[in-house]
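A.B. asks: Quick one: the structure is below, and I'll ask about it shortly.
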Amino acid sequence: MAQGFLGSGMKFPPQIDPATGRFRVARGEESIRESIYLILMTQKTERWVRPEFGSSLMNYTFMDTGVTMLNLVSREIASDLMTQEPRISDVDIRIDAASKPGTLIIYIGYTVRETNVRDNLVFPFYLDTTWEEQEEETAETGE
């Protein structure tokens, strides 16, 4: 019964099953996690047919990681997920800006409506790629 509501859809990123030659399918909770990822990675107005789909998360790239900005991001993500993913409820967003420079680690907790099971997703959002490039250079040169 839960499977019918949670549904299934093409796996993201698209993959071909070598045994059947057909597209691989995501089902149940995996489908919800992929949907959340797609919502966060799609910029609003990016899809012409559904301009309201997605989030404005990319607008926060290169911004300061102050408390006000983190609260705005958290509230916006929760709102976007609640309005665009009807299979979840009780969305809880926590953002860790201190663990890795230039990166926000976004912890997304939610309840699957049909099964009443609590699930979560960890989403790294890179504010600035220069930190990663500097770390790679340091590792290569050994400085």
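Just so it is clear, none of the values below were taken in a lab; they were calculated from the coordinates. Since we're looking at a predicted model, the values are computed, not measured. Cβ placement follows ideal geometry from the backbone for every residue including glycine, while neighbour counts extend to all protein chains displayed.
A.B. asks: If R₀ is 30 angstrom, what is the calculated FRET efficiency for the pair GLU76 and TYR126, using the beta carbon separation as r and rounding to 0.05?
C.D. replies: Numbers: r = 17 Å, r/R0 = 0.58.
The value I calculate is 0.95.
A.B. asks: Just the projected area, averaged over all directions, of the convex hull on the alpha carbon atoms of the range 1-127: how many nm²?
C.D. replies: On the way: hull surface 37.0 nm².
With the hull built on Cα positions only, its mean projection is 9.2 nm².
A.B. asks: Around THR103, which amide H atoms from residues at least 5 apart in sequence, or from another chain, sit under 5 Å from its own amide H, with H modelled in the peptide plane?
C.D. replies: So THR103 has HN proximity to LEU127.
A.B. asks: Most exposed first by the Cβ proxy, i.e. fewest other Cβ within 10 Å, how do PHE23, PHE125, PHE62 rank?
C.D. replies: Values: PHE23 12, PHE125 18, PHE62 9.
Ascending Cβ contact count within 10 Å gives the list PHE62, PHE23, PHE125.
A.B. asks: Follow-up. What does the highest-first list of 96-105, 26-35 look like by mean Cβ count within 10 Å?
C.D. replies: Result, highest mean Cβ count within 10 Å first: 26-35, 96-105.
A.B. asks: Given H placed 1.01 Å from N in the peptide plane, which residues other than close sequence neighbours of PHE53 have an amide H under 5 Å from its amide H?
C.D. replies: Here the answer is THR45, since their amide H atoms fall under 5 Å of that of PHE53.
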